Amino acid sequence: MRRPSTLVNLVLVLALFSCSIWTVWSRSSSLCKHTNFEEIRRPHSVSIKEFGAIGDGVTLNTKAFQNAIFYLNSFADKGGAKLFVPAGRWLTGSFDLISHLTLWLDKDAVILGSTNLTDWPVVDPLPSYGRGRELPGRRHKSLIYGYNLTDVIITGDNGTIDGQGSIWWSTFKNKTLDYTRPHMVELVNSTGILISNVTVLNSPFWTIHPVYCSHVTVQNVTIISPLKSPNTDGIDPDSSDDVCIEDCYISTGDDMISIKSGWDEYGIKFGRPSKNIIIHRLTGQTQTSSGIAIGSEMSGGVSEVYAEDIHMFNSNNSIRIKTSPGRGGYVRNIYISNVTLVNVTTAIRLTGLYGQHPDDGYDPNAQPVIENITINNVIGDQIKNAGIVQGIEGDKFVNICLSNITVNVTSSNPWNCSNVQGYSDNILPEVCVELKERITPDHSSNCYHLSKPEPSSKN
C-alpha cells in the first residue's frame, strides 16, 4: 500500500491534534439530558469517620461502611442522605448501597479494596449468564454493590476508588480462582444512577457494570488499570437501557466500553436487551482489546447505540462487534461518528466467530442478526488495518455502512471482508468489494442514522 504524500500526512496530523484531549474536555454541550443531579441536596449527611472508620490504609473499615449505610437507610423516605468519605485511605471489603443515597468522595479520599479475598463475599450468578463469567457456579460480589435501587449517586471532588486488583489478576493467571472475580462497581436492577467526578483504579475484573438498569449516567470519570491486567473492562452496560457515558478517560487491560446483554441460552431466555445508549467524548487506550465493543455476550440484543467524538491511541481495535453462532440475539441500529485514531492496529473490526460458550446447553443454530451499522467520519494515523469485517457463513452481516473514512495504513492488504453486505462513500484506502457499492444516491435509506437528527439521552 503506497503511503500518502507528505502534504496529506501533514494535514492528517494537524487534524488529529485539532481533536486532542484538550478539545474533548473543553466542549461544554452535553448529550446526557438527565436530571440535574448537582441540584439534589440530601437533607442528611454523615462522615464515615462518625462510624469508627480509620483512614490509615491498614484498618479494615467494612463494618463502618455497612453501619453508616444502615443508619442512613432511615432517611431514604425523608429526602435521602449523603455519606461523606473525607481525605484518607479507607480500606474495606464489599459493601451495599441503598436507594436515595449519595456516596461523596473528597478529592484526597481513597476507598481501597481489601486484598483479602474473603472480604469479597460470594453471590449467585446473574440469570442472563447462568454461571460465573470465568468459572461455573457463583461469583464474588463487587466492592461497591447495589440491588433493586432508585436514585443512587457516586460522586465527589475527583476522589479515588482503588480495587488493588493485582492479587486477583495473579490468582486468575495462576488458575487458582475458586469463583469468578468481582467487579469494582455493580448496580443490578436499578434506576436513576449517576457515577461522576471520580477516578477508579485497578479493578479486579470489569470496572463499572450496570446490569438490568435504566437511566444510568457515567460522566467525568477516569478509569485506569495496567494495560496488561486481564479483563479489566472500563464500563460495561449490560441488559440496560437509557445509558449515557460522557467525558470519560479510560485506559485498561480490556475493552474501554463493552455493551452486553447476556450469554447464549441464558441471555436468550432472560431476554433483556441493551438499548438507547449514548457514548460521547470518550478518550483512552487499550493494547489488547477495543475502544467501543459490542458483545461478545449480546444474546438479549443490542440496539440504538449512538457514539460520537471518540479519541483512541496506542490500541488494538477501535470499534468492534463480537459475536458467534450460538449467541442468538441481534446487534442493530448502531451509529458511530467522529473517531480519531493514532497508532491503532485495526480501525474497524466486526467478528462473527468470537468467544466461548457457557456450557453444552447452547443452541449452535441460534444465529445472531447483525444489521444497520453505520460508521462515519473516521481519521487515523499509524494504522495497520483499516478494517476486518467478517460475518458468519450463511448469516451475513447486512447494511454495514462506512462513510468519510481516511486512515493512513501500513498493511498491504488494508481491508479483509467476508460474509458481509453493505455500502460506502469516501473511503481511503479503497474499501473491500463487499462494501464498495455507493451509499449515495440510492442507498442512504439503508444506512442507519445518516439522515436522522442527533439523539439526546432520556436519563
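The values are calculated or read from the model by the stated rules, or taken from the named source; none is laboratory data. In this text, all values refer to a predicted model and were calculated from it rather than measured experimentally. Note that each Cβ is placed from the backbone with ideal geometry, even for glycine, and that neighbours are counted across all protein chains shown. Accessible surface areas use protein heavy atoms only, side chains included; no ligands, DNA or RNA. Shrake-Rupley method; radii C 1.70, N 1.55, O 1.52, S 1.80 Å.
Quick notes on this structure:
- Heavy-atom accessible area order for 379, 334, largest first, 1.4 Å probe: 379, 334
- Extension gain from residue 118 to residue 178, taking 0.36 nm per residue of separation minus the Cα-Cα distance: 20.5 nm
- Column: log10 I(q)/I(0), Debye, Cα scatterers of region 138-181, q = 0.31 Å⁻¹: -1.17
- Test item: Cα-centred dipole of region 258-350, Lys/Arg +1 and Asp/Glu -1 on Cβ, debye: 140
- With the simple model of a label 7 Å out from the Cα in the direction of the Cβ, residue 107 to residue 393 spans 6.1 nm.
- Given the choices (1) 64, 60, 59; (2) 103, 59, 46; (3) 66, 50, 41, Cα extents along the principal axes in Å derived from the coordinates of this structure is entry (3).
- Sorting the segments 397-407, 353-363 by their mean number of nearby beta carbons within 10 angstrom, highest to lowest, gives 397-407, 353-363.
- Cα-centre dipole for region 238-290 with unit charges at Cβ (Lys and Arg positive, Asp and Glu negative), debye to 20: 100
- Sorted on the mean count of surrounding Cβ atoms within 10 Å across their residues, most packed first, peptides 274-283, 294-303, 189-198 read 294-303, 274-283, 189-198.
- Dividing the summed helix terms, -39500 (n - 2.57) for each DSSP H run of n ≥ 4, by the number of residues in the chain produces a 222 nm estimate of -3000 deg cm²/dmol to the nearest 500.
- Note on residue 199: accessible area approximately 20 square angstrom, rounded to 10, probe 1.4 Å, nucleic acids and ligands left out.
- Selection from 214, 229, 192 lying farthest towards where the dipole of region 136-274 points positive, charges on Cβ: 229
- On the basis of the beta-carbon distance and an R0 of 22 Å, residue 359 and residue 147 show a calculated FRET efficiency of 0.30.
- One Cα centroid belongs to region 399-416, the other to region 129-182; the line between them spans 37 Å.
- Segment residue 134-residue 62, extension gain: residue separation times 0.36 nm, minus the distance between their alpha carbons: 23.3 nm
- Spacing of the two label points (7 Å from each Cα toward its C-beta) at residue 78 and residue 164, in nm: 3.5
- The residues of the chain expose, per residue, 39 Å² of accessible area to a 1.4 Å probe.
- Label-zone membership for region 354-397, site residue 416, 7 angstrom Cα→C-beta point, backbone N under 18 Å: 354-355, 383-393, 397
- Computed from the Cβ-Cβ distance with R0 of 45 Å, the FRET efficiency linking residue 384 to residue 40 stands at 0.45.
- Added length on full extension, which subtracts the Cα-Cα distance from 0.36 nm per residue, residue 343 to residue 404: 20.0 nm
- Accessible surface, 1.4 Å probe, highest first, among residues 70, 270: 70, 270
- Take residue 178: with every protein chain present and a 1.4 Å probe, its accessible area is about 120 Å².
- Listed residues 404, 315, 244: farthest to the positive end of the dipole of the chain (Cβ charges): 315
- Nitroxide proxy distance, nm - points 7 Å out along Cα→Cβ at residue 171 and residue 157: 3.5
- Carbon-plus-sulfur accessible fraction, the chain (probe radius 1.4 Å, protein heavy atoms only): 51%.
- Set of lysines near residue 33 by C-alpha distance (under 22 Å), chain-local residues within fewer than 8 positions excluded: 275, 452, 458
- Inter-centroid distance (Cα atoms) of region 243-264 relative to region 280-344, Å: 8
- Estimated dipole of the chain in Debye, rounded to 20 [Cβ of Lys and Arg +1, of Asp and Glu -1, Cα centre]: 420
- Principal axes of region 298-344: Cα extent on each, largest first, Å: 35, 20, 9
- Projecting the Cα atoms of 383, 418, 370 onto the charge dipole of region 330-459, computed from C-beta unit charges around the Cα centre, puts 383 farthest toward the positive end.
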